[in-house]
Amino acid sequence: MRVYNFHCRRIGASADAVGAILGTLGAENDRLWPWEHFDAMKFAGTLAVGAKGGHGPVRYEVTEIIPARLIAFEFNAEKGVMKQFRGRHWFEVVPLSESTCEIRHLLWADVQGAMWWLWWILVETLHDATVEAALAKAELEVTGALKTPFKFTPRQKLWKLVSGERGAYDKSRRRAAWLAAS
């Protein structure tokens, strides 16, 4: 079974400004990934083609970088149910005008066995929450404001509760600026 997943957010800032935060993925000062409320993205070494890492149980390798425009990853789990999830995901920044762009996250994967059911029941909703939070964080980082803050859906709240995720507050019991009051 093939899975496709697409998210985007139009941001009132230049593609260069938004693209600058792509290079912070996995770094201590990560300005894109919503590590405040989700498993942090981490890599062995620096963010570069060939770097291996992931977030939580999801493992991948950096396969392509176009500075300030695109970072692509290939899933590469060697064990566990994530081994049945093969494909790619990437963040890209697309200029729409001098002062507007879109940041996009795309995922496609071939999913086998139990992973298909796990994707459909659990993983997709947590993936969607993580990506939408990242896109909101990107907008806040470059514009200082949000047109639409990220808000967990009822299903996402339920799965975060069941899975032991941190939920509405980070480790220090602070709400991230990109997260809407529930």
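In the range 34-44, what count of residues is obtained for those that are modelled with pLDDT of 90 or more, open to solvent by 10 Å² or more (accessible area, probe 1.4 Å) and either within 22 Å of residue 68 (Cβ to Cβ) or not small (Gly, Ala, Ser) (or both)? Working first, answer last.
Within the range 34-44, the subset modelled with pLDDT of 90 or more is 34, 41-44.
Next cut, open to solvent by 10 Å² or more (accessible area, probe 1.4 Å) only: 42-44.
Those left that are additionally either within 22 Å of residue 68 (Cβ to Cβ) or not small (Gly, Ala, Ser) (or both): 42-43.
Adding up the residues that qualify gives 2.
Would you pick out the residues in the range 1-50 that are of a type in the set (Val, Ile, Thr), touching a Cys at 6+ places or on another chain (Cβ under 8 Å) and outside any strand (DSSP E or B)? Spell out the reasoning first.
Step one: of the range 1-50, the residues of a type in the set (Val, Ile, Thr) are 3, 11, 18, 21, 24, 46, 49.
Within this subset, residues satisfying the condition of being touching a Cys at 6+ places or on another chain (Cβ under 8 Å) are 11, 18.
Correct list: 18 only.
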In this structure, does residue 106 turn out to be open to solvent by 60 Å² or more (accessible area, probe 1.4 Å), in contact (Cβ under 8 Å) with a residue 60 or more places away in the chain and not aromatic (Phe, Trp, Tyr)? no
Output yes when any residue across the range 147-164 is open to solvent by 60 Å² or more (accessible area, probe 1.4 Å), touching a Gly at 6+ places or on another chain (Cβ under 9 Å) and modelled with pLDDT of 90 or more, and no when none is. yes
Within the set of pairs 6+ apart or on separate chains, which have a first residue in the range 30-44 that is without any contact (Cβ under 8 Å) to a residue 12 or more places away in the chain, a second that is part of a loop (DSSP other than H, G, I, E, B), and C-beta atoms under 7 Å apart? 44/51
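Looking only at residues in the range 141-154 that are in a helix (DSSP H, G or I) and within 17 Å of residue 12 (Cα to Cα), which one is farthest from the chain's Cα centre (by Cα)?
Within the range 141-154, the first condition is being in a helix (DSSP H, G or I), and the residues that meet it are 141-143, 154.
Cutting the leftovers down to within 17 Å of residue 12 (Cα to Cα) gives us 141-143.
Values: 141: 15, 142: 17, 143: 19 Å.
Among those that are in a helix (DSSP H, G or I) and within 17 Å of residue 12 (Cα to Cα), it is 143.
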Starting from the range 88-99, keep only residues that are within 26 Å of residue 110 (Cβ to Cβ), then list their pairs with residues that are part of a strand (DSSP E or B) and open to solvent by 70 Å² or more (accessible area, probe 1.4 Å) whose Cβ atoms are within a distance under 7 Å, requiring at least 6 positions of separation or different chains. 88/74; 88/108
Sort through 114, 138, 129 and tell me the only one that's surrounded by fewer than 17 Cβ atoms within 10 Å (Cβ to Cβ), in contact with a helix residue (DSSP H, G or I) (Cβ under 7 Å, 6 or more places away or on another chain) and in a helix (DSSP H, G or I). 114
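The values are calculated or read from the model by the stated rules, or taken from the named source; none is laboratory data. For clarity, every value in this text was computed on a predicted model and none was experimentally measured. Every residue, glycine as well, gets a Cβ built from its backbone with ideal geometry; the counts of neighbours run over all protein chains shown. Ligands, DNA and RNA are excluded from the accessible area calculation, which covers all protein heavy atoms including side chains. Shrake-Rupley method; radii C 1.70, N 1.55, O 1.52, S 1.80 Å.
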